[in-house]
Structures are given as structure tokens and as C-alpha cells.
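Below is one structure, written out as C-alpha cells; comments come after it.
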Amino acid sequence: IKKFSRRPELRKHIRNELQITDNDLAIGYVGRLTSIKGADILLDAFSKLIKANPSFLLIFAGDGELRPLLMQTAQHLGIAGRIRFLGFKENVAEIMNAFDIGCMPSQREPFGIAALEMMSMRIPLVSSGADGLGEFLTDHQNALVITDNTPAGICRSILEIAGNPVLRQRLVENAHHYVQQFNVPHYVDQINDIYRRIAIE
């Protein structure tokens with residue numbers, strides 16, 4: 001079974017559970033909440049994004065040392081109501097069905113399994129080109145790759161995807177073709193449990 005496949009029947013259910021409406025644009029992050037993974041950069045970007053478009057909503061699926069600070073910062077900025085801190089989730093493949101856009105702002109990333117999972121699920125991806133991510137992501141082909149990996153860069157790229165359905169469709173089709181070509185969904189399913197037992201990405 002290809003665990004990381006788009007399941008439209010789950011989307012409404014998961015979004016209802018997370019109190020996400022049809023009008024919300026959900027940005028999804030899967031990984032440890034650390035500076036290495038860029039969780040703090042994404043929160044900074046999000047505080048700018050919702051000023052540009054208040055329909056954005058951010059989902060953090062993962063746990064880590066930055067979680068208390070991120071939650072405190074979100075409260076201080078008055079944006080906590082637009083953020084879902086889910087902690088570590090065993091059913092991350094189901095949770096991803098709620099995403100409209102995926103974001104991986106990693107400072108370092110030896111492999112990038114979450115990126116492959118999102119590509120398999122036809123989630124348009126905004127990502128840094130750090131380390132292993134740069135080996136399979138091509139800017140404006142199968143993802144938007146942020147060269148400077150700053151809050152401004154993330155904000156700009158997310159707004160570009162959100163406002164351009166033609167680009168969005170091209171990215172998801174190319175990304176899905178990439179993972180199918182190399183049978184990555186099957187590979188991801190096999191190694192995912194191992195990775196998550198060792199550490200939350």
C-alpha cells in the first residue's frame with residue numbers, strides 16, 4: 001500500500017478535526033521543531049504571510065525543543081489562532097491530506113523524506129535547497145526552491161504558489177512524476193517507519 005498517496009475522502013475529515021475551513025489555505029510543515037529544520041524561520045515568514053492574506057493557516061506536525069518558544073511567539077504576535085501545533089503524529093500521512101502547500105525551510109537536510117512524501121501526495125512544495133534536498137528538487141520544475149531561505153524568501157514563494165494555479169499544477173504533476181519514476185512512494189513507505197523510530201524528522 002502506498003501510504004503517502006492523496007486521499008480526498010480524508011481531507012475534509014482531517015480538516016474538520018483541525019478546525020480548518022474550506023476557505024483556509026493550509027501551509028504544512030512536517031519535522032522536528034528545531035532551528036536546523038527552519039521551524040523558526042517559517043513562523044517568522046507566516047507572521048508576514050497572514051498580513052498579505054489572512055486566509056493562510058499554518059500546521060506544525062512534529063515536536064522539538066523550539067515548540068514552547070514558537071507557541072509563545074505566536075501568542076505574542078497574535079497569530080496563535082491561525083497555527084496548529086500538533087506535536088508528533090503517528091498518522092502523519094493522513095494529516096498531510098489537510099495541506100494545501102508544503103514547506104521545508106531546512107538549514108541542513110541530509111535526506112528530506114518529508115519532501116518526497118509531499119511530492120508523492122501532490123502537495124506543491126516550497127523548500128530550501130539544503131544538502132539532500134538540492135539533489136532532487138529543481139526550482140520552478142518540481143518545487144519552488146528558496147535560494148536565500150529567509151522569511152522573506154519563504155513568504156514570496158508561498159504567495160507565488162498560492163496565486164498561480166497553473167504553476168501549482170505544473171509543480172505537483174512534475175513532482176508526482178518524479179517520485180513515480182523512481183518508485184519513491186514504495187521506497188518511502190519502507191524506510192519511513194525506520195526513520196521515525198530513530199528520530200522525528
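Just so you know, the Rg over Rh for the stretch 1-66 is 1.02, from Cα atoms, with Rh as the Kirkwood radius. Compute the separation of the alpha-carbon centres of the stretch 117-171 and the stretch 1-79 and state it in Å as a whole number. Each part reduced to its Cα centre gives a spacing of 16 Å. Over all other residues within a Cβ to Cβ distance under 11 Å of residue 59, the charged ones net out to +2, with Lys and Arg as +1 and Asp and Glu as -1. Placing pseudo-labels 7 Å out from each Cα toward the beta carbon at residue 23 and residue 159 gives an inter-label distance of 2.1 nm. In this structure, residue 16 and residue 177 have a Cβ-Cβ separation that, at R0 = 35 Å, corresponds to a calculated FRET efficiency of about 0.65. Mean-square fluctuation check for the chain, GNM, Cα pairs under 10 Å: which of 126, 179, 30 is largest? Checking each option, the largest mean-square fluctuation is seen for 179. Its alpha carbons considered, the stretch 8-139 gives a radius of gyration followed by a Dmax of 13.9, 38 Å. Working ranking of peptides 133-143, 85-95, 52-62 by packing, defined as the average number of other Cβ atoms within 10 Å per residue, highest first, is 52-62, 133-143, 85-95.
Laboratory data are not the source of any read-out in this text; all were calculated from the coordinates shown. Keep in mind that this is a model prediction, so the values were computed, not measured. Quick reminder, even Gly has a Cβ in these numbers, built from the backbone with ideal geometry, and neighbours come from all protein chains shown.
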